[in-house]
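None of the figures in this text is laboratory data; all of them are computed from the coordinates on show. Quick caveat, the model's predicted, so the values are computed rather than measured. We place every Cβ from the backbone using ideal geometry, glycine too, and count neighbours over all the protein chains shown.
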């Protein structure tokens, strides 16, 4: 079993992510992920409910035109 520290490198996190997720879920203790020694992410237990998230997002969609229509190449900014 991996001993999870409060800080863990990105490469070590990648190799043991599921184990780290389970540990955070069980203990509630957050884990900070580092990239070359710089803190970049924090993994912590979510304490809200799914309905809380839905309530926060409710009404946030401003426009929803033709969601099933294909996107033309000219519409992709990344391609230009």
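Let me understand the stretch 1-59 better: what is its radius of gyration from the alpha carbons, and its Dmax, in angstrom?
13.8, 45
Does a label point 7 Å from the Cα of residue 10, set along Cα-to-beta-carbon, have any residues of the stretch 17-51 with amide nitrogen under 20 Å, and which are they?
Hits in the stretch 17-51 for residue 10 at 20 Å: 17-21, 31-44.
At 0.36 nm per residue, and after removing the present C-alpha to C-alpha distance, how many nm does the segment from residue 72 to residue 19 gain when stretched out fully?
Stretched fully, the residue 72-residue 19 segment lengthens by 14.9 nm.
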